[in-house]
Structure formats: structure tokens, C-alpha cells
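Trainee: Pasting a structure here, questions to come.
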Amino acid sequence: MNSFETDFEVIIIGGSYAGLSAATSLGRALRKVLVIDSGKPCNRQTPHSHNFLTRDGETPAAITQIALEQLSMYNTVKLIADTVTNAIAKEDGFRIQTLSGKKYIAKKVLFATGIKDILPDIPGFAECWGISVIHCPYCHGYEVRQQPTGILGNGDGGYEYAKLINNWTKDLTLFTNGASTLSVEQMKTLQSRNINIEESKVREIVHENGYIKGISLENDRIYLINALYNRPAFIQHCDLPGKLGCDLTDAGYINVDGFGRTNIPGVYAAGDSTTPMRAVSMSVALGTAASAFINKDLIDNNYI
Ligand SMILES: Cc1cc2nc3c(=O)[nH]c(=O)nc-3n(C[C@H](O)[C@H](O)[C@H](O)COP(=O)(O)OP(=O)(O)OC[C@H]3O[C@@H](n4cnc5c(N)ncnc54)[C@H](O)[C@@H]3O)c2cc1C
């Protein structure tokens, strides 16, 4: 027990947008905060981040750097580079252990750990991810507007995605990567908008340094496209919320209320791990909301 550092009221696991946002609010609320971050934000391969007020087009690292510089003014917050490997709830608080063997204890813990994309096993996909293979038109659609574009998707999800992306480009092909599972009505609707549907299996994403040149299919066709949209499957980046007993939604997000509270008292979550509304702005906002309620709960706990 003595080997646990007890200097902190709140431990934030994950020091990207959600975690740093929460740390800023909590530091300013005079809380003693430790942020532990393993340095693998989900957008690290993307050259430019868009659609975050005042930081449109910055690199992801530059946004983080500004946050870190501003956070360094608050001596209430300590940041360390490490990976949390264990979290156990005890009566005196949450016992947190890291890969480097450090041990900490705190009353509240916030998971701002994000999600991990499970990229399809298609040659060239991983190299293009975040560069020219993109998940979100609000983040990157403007840069490839009106260009020859593909969507890798099928069924209801592929149908909705095609309707959405058609707002940014009229030169659009839906690659179903095997037999289409769209309904006849859905196929007719897309075709009436001149959205091409291609059912051949994908062989390879042809690219130069992550910039897509074309998509090569098993039927030996090659489509020349400049962008490909896909929403990959995902898992939680960190499995510790589940191990602590936090409920997940059917879609795989940590189940929180509007203030980042999970079903486990004292455990909070914010950012991508909790919402399909995947954006830097959302993560920052959710970090702020969670921090306000962590602070409120700490205050309330003192009045018991
Ligand atoms: C390719 C790509 C491009 C994107 N482009 C844009 C864009 O242009 N504009 C926009 O608004 N949004 C964009 N997004 C979405 C945006 O990046 C995310 O919404 C945002 O990064 C989520 O922030 P977060 O803090 O919740 O999680 P993340 O940024 O993913 O950070 C989670 C952090 O937790 C750490 N962590 C995880 N487990 C542990 C552990 N056990 N111990 C310690 N640390 C841990 C990770 O290393 C990481 O640093 C993009 C996403 C992707 C994938």
C-alpha cells in the first residue's frame, strides 16, 4: 500500500484532446491531477486536422503542443508518459499501475483513452489511413470536394454513407467489396443520383506515400480515385473500464450520462471512447463536461 503515490485527487488516463481538456478545467479548479498518456492518439497519421475552431488545418501534434504549453502553467497538474496497465477499485480509491511499474491512488479516475480502429486487411489501406482514406467528411471532405471518390461500405451503412458523401462530390462509387447487401430500392435510389455501385472484391489500394491513386479490384478493373471513405470497426483503446465493471453500449462505447459518469461510482469517461460523434471539438467539450462533474462530486463527497 505504501508504494502507491497518494498526491493526486484525480487521475486522467489518456492525455489527448479529451484528457487535456479535462485536465485544464480540473487544474483551474485547484484539483491535484495526474495525466498518464501513452502517446497514441487515433488521428496521429493525419497530416492536417480540420473543423476545430481557431485551429483549422493544424497538425494534430501542433494542437496538442499548444494544449501542453498552456497546461504547463498550472502547477496543479502533472503529466507523465506511460501506459496504465491496471486499475483496481478499493475503499480508499482507485489503485492505478503503469507499464513502467509506477503506482498511484486517487479518489476519481477519468478514462479519456479513445478508441482503436481495426483497419480492413487490404494492402495499402493502413498506409493511406487519415491521409487519403478518410472516415469523416466534416474533417476532410472539403479538401477532396468534387473529386473522384470511393466509399468502402455495404448495406444500410454504405447506403447512408453514399447519400452523405454525395453532398461533397458527384463523382462517387460505392465499393461493396463483395456482393451488395443493399436493398433493390436503395440501389435504385443511388443509381438515380449517378452513384456507381461496384461489387467486385477489393484487391489493393494503389497509392504514393499514402495519397491514393486508385483502387484495384479482383475483376481486374482499376478505378482512379483521389479519396476513399471508410468507417472501420473499432475496439476500446483501453480495456480497463470494462474490467472495472463499466457498462458498454451495444455499439461498443463506454456508457456515460451527459456528464461523463459511468455506472461505477468514481469512474468517468470522455471523448471518442464514449461517442460516435468523433471530432476534436466533441472530445474537448466532453472532457470539460466530465471535469465539472468530477469536481462537483469531489465537493459533494466532502459534505457527506
Ligand atoms: C485518421 C483520423 C483523422 C481525424 N481527423 C479529424 C479532423 O480533421 N478533425 C476533427 O475534429 N477530428 C478528427 N478526427 C477525430 C479526432 O481525432 C478524435 O475525435 C479525437 O482524437 C478523440 O480524442 P480523445 O482524446 O477522445 O482520444 P485520442 O485522441 O484517440 O487519444 C486517446 C489517448 O489515450 C491514450 N491511452 C489509451 N490507452 C491508454 C492507457 N492504458 N494508458 C495511458 N494512455 C492511454 C492514447 O495513447 C491516446 O494518446 C480524426 C480521427 C482519425 C482516426
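Trainee: Looking at the stretch 107-136, which of the residues that are among the aliphatic types (A, V, I, L, M) and touching a Leu at 6+ places or on another chain (Cβ under 7 Å) is farthest from the ligand (Cβ to nearest atom)? Talk me through it step by step, then tell me what you get.
Mentor: Step one: filter the stretch 107-136 for residues among the aliphatic types (A, V, I, L, M), giving 109-110, 112, 115, 118-119, 122, 126, 131, 133-134.
Adding the requirement that they be touching a Leu at 6+ places or on another chain (Cβ under 7 Å) leaves 126, 133.
Working: Ala126: 11, Val133: 8 Å.
Within the stretch 107-136, the match that is farthest from the ligand (Cβ to nearest atom) is Ala126.
Trainee: Output the number of the condition that Ile254 fails; it satisfies all remaining conditions of (1) within 25 Å of Leu164 (Cβ to Cβ); (2) crowded, with 20+ Cβ neighbours inside 10 Å; (3) not charged (D, E, K, R).
Mentor: Answer for Ile254: the failing condition is (1).
Trainee: Surrounded by fewer than 19 Cβ atoms within 10 Å (Cβ to Cβ) and touching a residue at least 40 places away in the same chain (Cβ under 8 Å), is that true of Ser291? If you could, list the steps in order and put the result at the bottom.
Mentor: On the way: surrounded by fewer than 19 Cβ atoms within 10 Å (Cβ to Cβ): no; touching a residue at least 40 places away in the same chain (Cβ under 8 Å): yes.
Answer is no for this residue.
Trainee: Also, I was wondering about something else. I'm told Thr189 meets every condition in (1) surrounded by fewer than 17 Cβ atoms within 10 Å (Cβ to Cβ); (2) closer than 19 Å to Gly178 by Cα; (3) β-branched (Val, Ile, Thr) except one. Can you identify the failing condition by its number?
Mentor: Of everything listed in (1) surrounded by fewer than 17 Cβ atoms within 10 Å (Cβ to Cβ); (2) closer than 19 Å to Gly178 by Cα; (3) β-branched (Val, Ile, Thr), Thr189 misses just condition (2).
Trainee: Next up: Taking the stated definitions as given, is Leu71 under 20 Å from Gly287 (Cβ atoms), in contact (Cβ under 8 Å) with a residue 12 or more places away in the chain and more than 20 Å from the chain's Cα centre (by Cα)?
Mentor: Values: under 20 Å from Gly287 (Cβ atoms): yes; in contact (Cβ under 8 Å) with a residue 12 or more places away in the chain: yes; more than 20 Å from the chain's Cα centre (by Cα): yes.
It is true that Leu71 is under 20 Å from Gly287 (Cβ atoms), in contact (Cβ under 8 Å) with a residue 12 or more places away in the chain and more than 20 Å from the chain's Cα centre (by Cα).
Trainee: Report whether or not Ala29 is modelled with pLDDT of 95 or more and under 12 Å from Ala112 (Cβ atoms). Even if it seems obvious, please write down each step before you answer.
Mentor: Working: modelled with pLDDT of 95 or more: yes; under 12 Å from Ala112 (Cβ atoms): no.
So Ala29 fails the test.
Trainee: Would you mind finding the one in Gly245, Gly252, Gly210 that is touching a Cys at 6+ places or on another chain (Cβ under 8 Å), on the phi > 0 side of the Ramachandran plot and modelled with pLDDT of 95 or more? Talk me through it step by step, then tell me what you get.
Mentor: Values: Gly245 fails: touching a Cys at 6+ places or on another chain (Cβ under 8 Å); Gly252 fails: touching a Cys at 6+ places or on another chain (Cβ under 8 Å).
When all the criteria are applied, what remains is Gly210.
Trainee: Here's another thing I want to ask about it. Name the one entry in Pro241, Pro265, Pro232 that is surrounded by fewer than 17 Cβ atoms within 10 Å (Cβ to Cβ) and touching a Leu at 6+ places or on another chain (Cβ under 9 Å).
Mentor: Values: Pro241 fails: surrounded by fewer than 17 Cβ atoms within 10 Å (Cβ to Cβ); Pro265 fails: touching a Leu at 6+ places or on another chain (Cβ under 9 Å).
Going through Pro241, Pro265, Pro232 in turn, the sole match is Pro232.
Trainee: Moving on. Please give the number of the condition Cys139 fails out of (1) touching a Leu at 6+ places or on another chain (Cβ under 9 Å); (2) surrounded by 20 or more Cβ atoms within 10 Å (Cβ to Cβ); (3) farther than 18 Å from Leu119 by Cα.
Mentor: Every condition holds for Cys139 apart from (1).
Trainee: I'd like to verify a number: residues in the stretch 21-43 that are within 23 Å of Ile88 (Cα to Cα) and more than 6 Å from the ligand (Cβ to nearest atom), how many?
Mentor: Count: 8.
Trainee: I'm trying to understand the selection: among the residues of the stretch 137-149, which are in contact (Cβ under 8 Å) with a residue 40 or more places away in the chain and within 12 Å of the ligand (Cβ to nearest atom)?
Mentor: Start the filter on the stretch 137-149 by keeping residues that are in contact (Cβ under 8 Å) with a residue 40 or more places away in the chain, which leaves 137-140, 142-144, 147-149.
Matches in the stretch 137-149: Pro137, Tyr138, Cys139, His140, Tyr142, Glu143.
Trainee: Quick check: is even one residue across the stretch 193-210 within 16 Å of the ligand (Cβ to nearest atom), within 22 Å of the chain's Cα centre (by Cα) and either within 21 Å of Gln45 (Cβ to Cβ) or assigned by TED's automatic domain parsing to the domain that holds Val280 (or both)?
Mentor: Checking the stretch 193-210: at least one residue is within 16 Å of the ligand (Cβ to nearest atom), within 22 Å of the chain's Cα centre (by Cα) and either within 21 Å of Gln45 (Cβ to Cβ) or assigned by TED's automatic domain parsing to the domain that holds Val280 (or both).
The values are calculated or read from the model by the stated rules, or taken from the named source; none is laboratory data. On a predicted model such as this, the values are computed, not experimentally measured, just so you know. Backbone-built Cβ (ideal geometry, glycine too); neighbour counts: all protein chains shown.
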